[in-house]
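K.L.:
Mind looking over this structure? Questions follow.
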Amino acid sequence: MATTYTISDLAKEFDLTTRAMRFYEDMGLLQPQREGAGGRNRVYTARDRTRLKLTLRAKRLGLSLVEAKEIIDSYDSPRDTAPQLRKFLAVLGEHRKKLEAQLMDLQANLDEIRTHEKEAKALLGKAEKSKAA
C-alpha cells in the first residue's frame, strides 16, 4: 500500500499552513484525492509530497508559482529529461539575470547612502566645531 498523507501531515512537515496547502492546490501544484463524505478529506500521495517539496524549493530560489508549476509539470511528461532541463535552465537563467540587476541596483543604492553618510558626518563635524568655538 502506498504511503499517503493528510493536509495536516504535510503542513506540519513543511511548516506551512493548511491554507497555503489549499492555495497550492488551487494553483494546480498539488492534486490530492478526495475521500469521505462529500470529498471533504484530502489525501496526498508521495507524488504530491514531492511536488510540494519542489514548489518550496522553487520559491526559495525566488521563482514564481507559475514558473514552479511549469517546471514541475514538465517532469510529468515522458522520461526524456533534456526538454525539462532546458526549461529549468532557461527559467533559472532569466531569474539569475533579474537578481543580478536587483543586486546592481542595491549596490548603487548602498554607494549613494555611504556618500550621503560621509557628507553628513563631515557637515556634523564642522557644525560641532563652530558651535564649540
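K.L.:
Only residues that are loosely packed, with under 12 Cβ neighbours inside 10 Å and more than 21 Å from LEU65 (Cα to Cα): list them for segment 36-54, please. Spell out the reasoning first.
P.N.:
First, the residues of segment 36-54 that are loosely packed, with under 12 Cβ neighbours inside 10 Å: 36-40, 46.
Scanning segment 36-54 gives GLY36, ALA37, GLY38, GLY39, ARG40.
K.L.:
If you go through segment 17-34 one residue at a time, how many are in contact with a strand residue (DSSP E or B) (Cβ under 6 Å, 6 or more places away or on another chain) and surrounded by 13 or more Cβ atoms within 10 Å (Cβ to Cβ)?
P.N.:
The qualifying residues number 1.
K.L.:
Taking segment 37-95 as the region of interest, how many residues are touching a residue at least 12 places away in the same chain (Cβ under 8 Å) and among the polar types (S, T, N, Q)?
P.N.:
5
K.L.:
State which residue is farthest from LYS59 (Cα to Cα) when the search covers only segment 109-133 and only residues that are among the small types (Gly, Ala, Ser) and surrounded by 10 or more Cβ atoms within 10 Å (Cβ to Cβ).
P.N.:
ALA127
Bear in mind that the values in this text are calculations on the coordinates, not laboratory data. Only a predicted model underlies this, so the values are computations on that prediction, with no experimental measurement involved. Don't worry about glycine lacking a Cβ; one is built from the backbone with ideal geometry, like all the others, and counts go over all protein chains shown.
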